[in-house]
1. Name the residues in the range 146-173 that are farther than 27 Å from ASP609 by Cα and open to solvent by 20 Å² or more (accessible area, probe 1.4 Å), would you?
2. Mind checking which residues of the range 583-627 are open to solvent by less than 50 Å² (accessible area, probe 1.4 Å) and of a type in the set (Asp, Glu)?
3. Right, GLY124: open to solvent by less than 30 Å² (accessible area, probe 1.4 Å) and among the small types (Gly, Ala, Ser) or not?
4. How many residues does the range 82-119 hold that are surrounded by fewer than 19 Cβ atoms within 10 Å (Cβ to Cβ) and in contact with an Asp or Glu (Cβ under 6 Å, 6 or more places away or on another chain)?
5. Does GLU616 satisfy being of a type in the set (Asp, Glu), at pLDDT 90 or above, under 25 Å from the mean Cα position of the chain (by Cα) and not in a loop (DSSP other than H, G, I, E, B)?
6. Return a yes/no flag: does the range 632-652 have any residue that is within 22 Å of the chain's Cα centre (by Cα) and free of Cβ contacts under 8 Å to residues at least 40 places away in the same chain.
7. Residues to consider are PRO409, PRO422; find the one that is in contact (Cβ under 8 Å) with a residue 60 or more places away in the chain and open to solvent by less than 30 Å² (accessible area, probe 1.4 Å).
8. Do any residues in the range 73-92 that are at positive phi have Cβ atoms under 9 Å from those of residues that are of a type in the set (D, E, K, R), where the two are at least six apart or on different chains, and which pairs are they?
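The values are calculated or read from the model by the stated rules, or taken from the named source; none is laboratory data. Everything numeric in this text was worked out from a predicted model, so none of it was measured. Note that each Cβ is placed from the backbone with ideal geometry, even for glycine, and that neighbours are counted across all protein chains shown. Remember, those area values only see protein heavy atoms, side chains included, never the ligands or the DNA or RNA. Shrake-Rupley method; radii C 1.70, N 1.55, O 1.52, S 1.80 Å.
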Amino acid sequence: MSRFDTQARTTLFAALLASLPALAQTAPVKPAEVTREVVGNRTSENIPAIPAALIEQLNRYQNTRGAGLAGWTKDGCLLVSTRFAETAQAHRVCEPLGMREQLTFYPEPVGGITPAPARAWRDGFVFAKDKGGDEFSQLYWFDEATRSTTLLTDGKRSQNGGTTLSRDGGLMAYSSTARNGTDRDVWLRNTRTGDTRLLVDAGGNWSPMDFSPDGTRLLVMKYVSAAESYPGVVDVASGKLTLFPVDGGKASFGGFAFAPDGKAVYFISDEPLQGKPQEFKTLRYHDPASGRFDVLTANIPWDVGGFTIADDGRHLAFTSNEDGISKLRVLSLPDHREIRLPALPIGVIGGLAFSPDGKRLALTLNSATSPSDVHVIDLAAATLTRWTRSEVGGLDASRFVAPTLVRYPTFDSVDGKRRTIPAFFYKPAKPSKTGKYPVVINIHGGPEGQSLPTFNPTAQYLANELGVAMLVPNVRGSTGYGKTYLSLDNADKREDSVKDIGALLDWIATQPELDASRVGVIGGSYGGYMVLASLTHYSDRIRAGVDIVGISHFGTFLKNTESYRRDLRRVEYGDERDPAMNAVFERISPLNNAAKITSPLFVAQGRNDPRVPWTEAEQIVKAVRSNGQPVWYLLYADEGHGFAKKANSDWFGAATMLFWQQYLLAD
């Protein structure tokens, strides 16, 4: 559900990482004069002119790009998402390292690319596109035969996505807020006639998962939180919804798909097994008719991330997230025997898709030293072939820094032992001129997210050009480390995750190669809140900070976020309508503690952000400026929850580096 979940957006979001400035804590001070500049859709305040030399040096890093897999076409080509101009668009590649043929040409990024199945009655793909980052995405059909595009949804202020197609392409299910603007219902479209009807309107956040092979049933899922989902099946003809029983009453679910026979199902869940609670999500098989139930990944003590089944029904591929590293496995069906695969580079695996004939498996591979690219595995030969080779701005890739995984102790204990927090550590290759490296702490959003060792051009620039180390922690509340760890920051435990940043500052001070007097913090979305909260608690130890589309007050955030997200966020953060919870929000919200921020601050925001409204940025900027400290502010009128357009992202990246130079590195 995040704008940063595709590789193109991940790379763009990486360019948003920087540090936060703080503000003075003294008695009332006259706010500094605000210097405003408006250039096109960009409004900047107190940001100095960016030197041409800095822009030129950054240019190569900001011109790296990746390619993400969307799926196969009927004729054996691959659909990929990549950016050649301002935004990520759909492209087709028909042979290894072949030409990328651009198919869509829009000023806004294209996402949610869903190719027609191999047996579909027509060839093409569905895609989603919003306006200026407002996330009110509409669905469109790109027709391969005519190269024309057709709007499929209402074209109004509704959010549409989660496209699922039947095996013959005759039915299209998708999620939409069109009914009331708040609930995500499941809608059904007959692709031959264009007739559309509401299929599931049970209230809440529903998504289609998979059609049965004959198209008569549809698996659906109701999402409540990262720890709670409810699966069910819908009779397509009657619309009757039947919920499946959930062992333990509440559990998290991932993928859900029909087995090739259309009777059994494969799914990912952390439901209890034989009454025993499970920390991680496992891949499971269940045949209701025979009663057969198998846990296929019981020997993997990590979360299974996702899976896909070949159209010919002979193989199932899945990935597991093992301490931030992806592992791929392929099982033969129906015996569930693991087959031999070629060795894969260490990194993160994105989309998986079997070829129409089931003989090859395509996937996206990303590593800390290489952007995302699409590779194809020949299953019979167990060989790996690269299909795209993305550019790295003409840089020498051998100089890229790979992070190491470290674990640092935090404030509490588990089973009598001090709890440790995992973090990825990007250390410059060159010795520091001063003997110690300045540090930028980069905190992920979510909070139900996880920082992974993916390619990060900002980390590479900081390490190679500025001699700055980057630490990327997965504080409590992050996914990937079990159900208990995920819940450790819920509701009134929110600031425990901030204490994990304090513990990281303690750890930095013990490392002889790191400069504890030059630490900056950066983060986006919930990570932006973490930046602000860290500054209210540790401004004496944080030299500067950058808040990107961050929450400054949980009460105003929940009041102003789009209605379709409000209840989902209340589950994680707490309900502001509860007086006790509201009192917690008043106590911990950075806006109410802005006087404690005594470091320079850079706040960046998109005007169309439906998740964290721009007012969250405006109010923290005003409050911190009243301390008399330097505050830079950047607002884009044509962006939402992050910066998806290259020119916008590049300018922000350059401004961030200038901010670091002035407030983190300068004496």
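1. THR146, ARG147, SER148, LEU165, ARG167, ASP168, LEU171
2. Of everything in the range 583-627, those that are open to solvent by less than 50 Å² (accessible area, probe 1.4 Å) and of a type in the set (Asp, Glu) turn out to be ASP609, GLU616.
3. Numbers: open to solvent by less than 30 Å² (accessible area, probe 1.4 Å): yes; among the small types (Gly, Ala, Ser): yes.
Yes, satisfied.
4. Number satisfying all stated conditions: 1.
5. The answer is yes for GLU616.
6. No, there is no match, as no residue in the range 632-652 is within 22 Å of the chain's Cα centre (by Cα) and free of Cβ contacts under 8 Å to residues at least 40 places away in the same chain.
7. Every option except PRO422 fails the conditions.
8. GLY76/ASP357; GLY76/ARG360
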